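Below is one structure, written out as structure tokens, with a few remarks after it.
Rule-based calculations on the coordinates, nothing more; no lab input. Quick caveat, the model's predicted, so the values are computed rather than measured. Note: ideal-geometry Cβ built from the backbone for every residue, glycine included; neighbour counts use all protein chains shown.
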Amino acid sequence: MKNTSLFLFLFLFLANTAGQNPGAGKFRQKEFHRWALTPPMGWNSWDCYGPTVTESEVKANADYMAEHLKPYGWEYIVVDIRWYVANDKAHGYNETNPDYSIDEYGRFLPAVNRFPSSAGGRGFKPLADYIHEKGLKFGIHIMRGIPKIAVKNDLPVFNSIATAKDIYSERNLCGWLGDMYTVEAGREGSQAYYNSLFSLYASWGVDFIKIDDLSSPYHADEIEMIRSAIDGCGRKIVLSTSPGETPVEYALHVQQHANMWRIVGDFWDNWPQLKEHFAVCRRWSPYINPGAWPDADMLPLGHIGIRAERGDDRMARLSHDEQYTLMTLFVIFRSPLMFGGDLPGNDAFTLSLLTNNAVLNVSKSSTNNHELFSDNDLIAWTADDTETGDKFLALFNAVDRVEISPEKALWSSGLITRQTPGQQVICDVDITGAEKLYLAVDNGGDNIDWDHADWIEPVLISETDTLLLTSLPWKKATAGWGEVRVNKSVSGADLIVNNQKRENGIGTHSNSIIEFDIPQDYKKFKATAGLDNACIIQNTGATVEFLVFTRDPAGPVPPDSARITVNWEQLGMEGEYRIKELWTGKDLGLFSDSFSIDLRRHASGLYRMSKE
């Protein structure tokens, strides 16, 4: 009887993982995968507080989660980046004079002015205890590598004869934050350093760790050292690697070493980035496995931007339809669900997105999750319910108004990539008689990831004078990520094109349209259109097209809604099925052979299909 039961267990387990991961083939579940058998659900401080969150704010979010969200499966409270800097700043990072908190072995400690309970060397243990007492789990963020300040002071590595100078390297340093050096695998003391980190974190009671600058570019050696350190620390710490997109060619490696890994860059509350997720999730769906989750990034919902890196203090700018679409895609794809808004600032609508058991159950108990079809941005996903055998069906109308119709352009740069000489092109265009000027940046047809773009020295020229365009207020400006800025890049840093700092210009990010009313008698527009260095240092994105228009660049407006039809043959089904809409709980009735529904642009539907 024991042998029969064991055989049945192994058969069911292998059948489940094989069906869930047809593209990878070689995935083998390890012990640490069992620590996150369903996609992790929690809160992360990044989208609302950036690198400045305080202990009282973390506790307030933990209190809210324990009271309102814990019964629905939400359990992690994660303190994001730079909790060890006492004087960090909102809407960016203080890299001028950061006041680091660090111990004698080169390990960062919580800044006491922000986390008072950490005083006296107690670290995050008091805060973790507070969160554990509420039945929740505690997580932190760190950067890959060893602190530069530890190397500067040549601090010893705990439980090793090595010092920080013995294990560090300036190879492959993070391009967007300068706190850390690389830890070189194979050197005496390198593994000991990572072991010492996780020994410390285990003593604090850490349950989850997000490690940045690991995924893109992919640092296999350090990921392996981190995996070994977690396995030896004596505590079950779920590992999340960031940011994305993780190169797909490393899918099997990251599956075997992490519980979740980023598949996109930082995701904010705008439709172009959300739409980009459809192609990315399609690409990564073969690699979904229990305990190993492709991560579509945090949910930028609710009250965000309070002191965040990007944008102002706001409620999420996505429409209600777009927020339903976001949640529907994330649950049918089985992405981890890490909420980015300040929980006490939730409104009733945001809370309803997080407390719908029927919807969240799709994330918790589905398998064989994949895109069924994508037909001119009408998209269908499906999955099987592991508990009942029912089908889940998600339908999306991702059709857009065509914001940029290139045939209307007076000038185009053509594609600009890393291979373009100087990553820049000179623009010189006749605008005689124009009353409007539209500066547009398109994504080049690939994606909008890391497409930082600059209009350098943009000027209007008449017969008698030259006018800096940056001296005129724009009428409207949009960016696919971040916010359009004058004399700064879209990230708020200096404008740098072809490794040269430029004092005057406009920083933006595809997809972007900047609209100006221009004075009379100006006959020429001149500028240098180029890729900002911020995207050159990345290994994704950086493919754009700059365009100039003097009339509305938009194309035709599509219908407000469209009908999506799914046939039983596409689903491998036959017979009658009862269909229930999961967001509303409405029973839509019995259907045979096919199901059709009208959806507004950017809207979605999520359905349970039960055999009668």
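See the values below:
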read-out	value
Exposure proxy ranking, count of Cβ atoms within 10 Å, fewest first, for LYS137, LYS125, LYS586	LYS586, LYS125, LYS137
DSSP-loop GluC sites (Glu not before Pro) across region 357-447, with at most 16 other Cβ within 10 angstrom	GLU387, GLU403, GLU435
FRET efficiency estimate (nearest 0.05) - Cβ-Cβ, LEU468 to VAL402, R0 51 angstrom	0.95
Among ASN487, ILE211, PHE339 the positive-end extreme of the charge dipole of the chain (Cβ point charges)	ILE211
Förster radius 22 Å - calculated FRET efficiency between ASP313 and LYS89 (Cβ-Cβ, nearest 0.05)	0.90
For VAL490, VAL248, order by how many other beta-carbon atoms lie within 10 Å, fewest first	VAL248, VAL490
Region 406-549: mean projected area of Cα convex hull, nm²	7.8
Length added when fully stretched, GLN520-ASP587, from 0.36 nm per residue minus Cα-Cα	18.0 nm
Euclidean distance of C-alpha centroids, region 93-131 and region 25-71, integer Å	20
Potential extension, ASP598-LYS611 segment - 0.36 nm per residue separation minus Cα distance	2.4 nm
Electrostatic dipole magnitude of region 2-364 [Cβ: Lys, Arg +1; Asp, Glu -1; Cα centre; debye, to 20]	1060
Order of PHE198, PHE546 under a 10 Å beta carbon neighbour criterion, fewest first	PHE198, PHE546
FRET E, pair ILE149, ASP428, Förster distance 30 Å, beta-carbon r, rounded to 0.05	0.05
10 Å beta-carbon shell around SER169, net charge (K/R +1, D/E -1)	0
Computed lengthening from LEU37 to ASN498, 0.36 nm per intervening residue step minus Cα-Cα distance	161.3 nm
Value of [θ]222 nm, deg cm²/dmol, for the chain, DSSP H segments ≥ 4, -39500 (n - 2.57) each, nearest 500	-6000 deg cm²/dmol
Sequence-distant residues sharing a close amide H with LEU301 (under 5 Å, placed H)	GLY340, GLY341
Alpha carbon centroid spacing (whole Å) that separates region 194-270 from region 418-451	37
Peptides ranked, highest mean first, by Cβ atoms within 10 Å: ranges 565-574, 249-258	249-258, 565-574
Over 24 Å (Cα to Cα) - which of LYS59/LYS152; LYS137/LYS275; LYS275/LYS501; LYS70/LYS364; LYS137/LYS391; LYS134/LYS391 fall in this group	LYS59/LYS152; LYS137/LYS275; LYS275/LYS501; LYS137/LYS391; LYS134/LYS391
